[in-house]
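Each remark here refers to the structure printed beneath this line.
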Amino acid sequence: MNGRINRWICLGLVLAATVGCAVEDDGAEYRLNVVGGDIKINGKPPAEGTIVTLHPKDGGPSDQQIYGVYDADLGRYGIMTVKDGETLAGAPEGEYIVTVQSPKNKPGAIPAKYGNPKTSGLTMEVKPGANAAPEITLAP
């Protein structure tokens, strides 16, 4: 039980420390906003390690990856951005197409249509500050 409480405390500290973080990007400010949420497939939580990826609707910079991994102990995923080899908590403000993929150790746990930006049908908007992302609900 203490491990679970410690994880929630750590997540809270990360969220508090990174809300509205700004990073310099060649003279321009690159703002990250904390995003995290829950996933359900057929009303149940997905497998540990399920991958949630955000794809900017406008195409966005090709030098960044925005994704999160479902943590079964926390019952949610947290989004991070990898840009120029640096991992930062959160995502830039904007409109995204969301994909959800099975973890590598459980192929087929998530229907393939959710892993393709053209067929997932999932979207998300990241606004300034902390974002409680809507629950991602998947049908089998």
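Values in this text are rule-based calculations from the coordinates and carry no lab data. Since we're looking at a predicted model, the values are computed, not measured. A quick note on method: Cβ atoms are made from the backbone with ideal geometry, for glycine too, and the neighbour counts reach across all protein chains shown.
Describe numerically, in nm with one decimal, the distance between label points set 7 Å from Cα along Cα→Cβ at LYS104 and at THR123.
3.3
Can you list the lysines whose alpha carbon is less than 27 Å from that of LYS57, not counting same-chain residues fewer than 8 positions off?
Correct list for LYS57: LYS40, LYS83, LYS104, LYS113, LYS118, LYS127.
Please list the non-local residues whose amide H lies under 5 Å from the amide H of THR50, H modeled 1.01 Å from N, same-chain partners needing a gap of 5 or more.
The list, which skips near neighbours in sequence, is TYR70.
Would you grab the residues whose amide H sits under 5 Å from the one on ILE41? Only those 5+ places off in sequence or on another chain, please, with H modelled 1.01 Å from N.
LEU138
Would you list LYS57, LYS127 from fewest to most Cβ contacts within 10 Å?
Values: LYS57 14, LYS127 10.
So the ranking, lowest neighbour count to highest, is LYS127, LYS57.
If amide H atoms are built 1.01 Å from N in the plane of the peptide, which residues on other chains or at least 5 residues away come under 5 Å of the amide H of ARG76?
Placed amide hydrogens put ASP71 under 5 Å from ARG76.
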